[in-house]
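What follows draws every value from the coordinates through simple rules; no lab data is involved. Note that the coordinates shown come from a computational prediction; the quantities given were computed from them, not determined experimentally. Backbone-built Cβ (ideal geometry, glycine too); neighbour counts: all protein chains shown.
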């Protein structure tokens, strides 16, 4: 079934207010969460709302965090998220990066003591309105095995980069550093389909096409899939995201990153606080006049989009094209939710005294 | 045959002085070039020396460049390489990034009007001695097709990131954003071996195992290999490198990047000047005390290195491990050169009035 943006937005906001989030925070978190649903990253949208609430019930999310800078220089800061929703902590930290970029050209913020921050691209895209390039990274619960490892030591650790253009829409890359994001696997699981080789290894570290392989003790594979196809590069990228997000800020890294699911407890003897993010903002005119840069971005985008396509493919895409098209479509026609997701949202409301349908 | 580091270093320096490079520049360029040979990236070392000289003969390299900052803010700069050797321009630009980081926490430098800068990792590693994280990116001649494209629009556009540790050796990732670097293909070509599927497409955009496929009008493939295995992510990474290196600085980007080989002329109607690089330096103590950070890096490295390995693999590697081990070995036992490379170096000396063997 399909739900309007406003329906899901006001419901999400109300749920978050019910658990004690200040209205402005609830609004901000709803906007971040819904941007995932709009852009087709359904695994990071309202489908996760009840998961955040369960973490709050366990005392692992602070609904009224004091998000603050604990260390800074003119171009850098470490932000302590005070255990708040990543959906709130992240845009506040990205705003710090943007403010620093206004002053000295660029701003770089590493965040500790946070939680899952939703869709990486949202935070990077905050830079676009300021004619800045935005960067957003986060670590996440360990589901990924480095090349040659049986153990899961990294999250899907995404990289998002947003770059403004002039008349063309912006360039927005937003990617897990694994061959495929976990959400892609979940789609196959629901349909009882196999996964392509190169996505998953089993618990012994062998390639498997079992789309439930991760649940059975296996792991997601770094971008590249195997050593011969460059998985050591995907591993290195995931590692860089982990280090900038967490070793730099004082958050947990690698296998110590606390799980998103509330039924799994964090490891004992944690090495830091919460999970970590990393944000960057670079003023385009700190390098060359913004108009000149954006005109060349238009030329870059136009040239790549005009590339001769391979047989069976209509055209070459620019990163962000599919998500933007879906966003326009879903804003107009609504957001489709799978039945279990809608049921989960309904049950969540019943628990907290809200009627999901009445928000429509 | 094997040659000592000093033999190849002094010879390279002398050749570069013969074409008019100031002694300090020739020394710096030799150090950068030789670091590739030491670290096993043989395709980017002395094997390329005659190629640089041919570009100089064509008037496409300026031996006495005035490398200068043309625009700056407290944390950023654009450097004009004045057509100099990338081997000289790049470390000078990286030094600008380091100096800015000393002042305001981080430094970010985009470079135009440069040439091939050798091994990406060298420049990133310059940050390590200053307890900084170093980043080094460059665009390169178009050999790579974006996902769904028959045309070659990107270079192998590497990403290098160097991160200091305390008692452990540093974390040094240095990777092409393609499944395999061109140098890996050249090894297969010399041995008349096929390439794994996912490395190369033929001129019609179909997967091929022909290791000579690129020479026959095909292309290298972005990391991931095909859409199902995430090649759109490798494409996006290569694109980000291209944009930060060239659209931000005013260098040529995409298909306009001038070829390294002197027998191919640059395209008419160029969109910028020369090729572009991008460098970053972040002071670790701009985020948290350096000692604390480096102790946690030791813990990160130790934990990952101790991961249970998969069947048939001895251990999990940390990015930079293989190159560092080779560097120690080659510094001690010398650098092996293939016969054609040694012959090429000899011929180069004969042309410029130097005897390769006499430097031994």
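For the stretch B:180-220, the relative contact order comes to 36 percent (Cα pairs under 8 Å, sequence separation of at least 6). Compactness of the stretch B:158-258 was expressed as the Cα radius of gyration divided by 2.2 N^0.38 Å, which yields 1.24. If you find the alpha carbon centre of the stretch B:82-154 and of the stretch A:254-324, how far apart are they in angstrom? With the stretch B:82-154 and the stretch A:254-324 each reduced to a Cα centre, they are spaced 20 Å. Work out the FRET efficiency for residue A:338 and residue A:131 from their Cβ-Cβ distance, taking R0 = 51 Å, and round it to the nearest 0.05. Given R0 = 51 Å and the Cβ-Cβ separation, E is 0.85. The mean of 1/r over all distinct Cα pairs in chain B, once inverted, gives the Kirkwood hydrodynamic radius of 21.0 Å. Among B:256, A:56, A:300, a tally of other beta-carbon atoms within 10 Å of each Cβ gives an order, fewest to most, of A:56, B:256, A:300. Each part gets one Cα centre, and for the stretch A:37-64 versus the stretch A:155-171 those centres are 24 Å apart. With springs only between Cα atoms under 10 Å apart, run a GNM on chain A and tell me which of A:250, A:107, A:334 wobbles the most. Evaluated over chain A, the most mobile residue of the options is A:334.
Residues B:67, A:109, arranged from fewest to most other Cβ atoms within 10 angstrom of their Cβ, appear as B:67, A:109. Legend: mean number of C-beta atoms from other chains within 10 angstrom of residue C-beta atoms, peptide B:231-243, equals 6.
Per residue, chain B reaches -11000 deg cm²/dmol at 222 nm when only DSSP H runs of four or more residues are counted, each adding -39500 (n - 2.57).
Kirkwood radius, the stretch B:180-220, all distinct C-alpha pairs, inverse of mean reciprocal distance: 9.6 Å. In nanometers and ordered shortest first, the copy-to-copy spacing of the residue A:322 label point, defined 7 Å from Cα toward Cβ, is 3.1. Comment: the Cα-to-Cβ extended label point of residue A:131, at 7 Å, lies 3.8 nm from its counterparts in the other copies, nearest first. Counts of other chain beta carbons within 10 angstrom of each beta carbon in peptide A:216-228 average 3.
Using only the Cα atoms of the stretch A:234-360, build the gyration tensor, take square roots of its eigenvalues as a ≥ b ≥ c, and label the shape rounded, prolate or oblate: rounded if a/c is under 1.5, else prolate if a/b is larger than b/c, else oblate. In terms of gyration-tensor shape, oblate. Each copy carries a label point for residue B:66 at 7 Å from Cα toward Cβ; from one copy, the others' points are 5.6 nm away, ordered from shortest.
Peptide B:110-118 has a mean of 1 when you count, residue by residue, the C-beta atoms of other protein chains within 10 Å of its C-beta. When B:7, A:116, A:277 are arranged by Cβ crowding within 10 Å, least crowded first, meaning fewest neighbours, the order is B:7, A:116, A:277.
Look at the Cα gyration tensor of the stretch A:65-184: its axes a ≥ b ≥ c give a/c of at least 1.5 with a/b at or below b/c, and that counts as oblate. Using the alpha-carbon centroid of each, what span in Å lies between the stretch A:337-360 and the stretch A:197-220? Distance between centres, Cα-based: 33 Å. Just so you know, the averaged projected area of the alpha carbon convex hull for the protein assembly as shown sits at 28.8 nm². Eigenvalues of the alpha-carbon gyration tensor of the stretch B:16-98, scaled by 5 and square-rooted, set the equivalent ellipsoid semi-axes at 23, 16, 10 angstrom, largest first.
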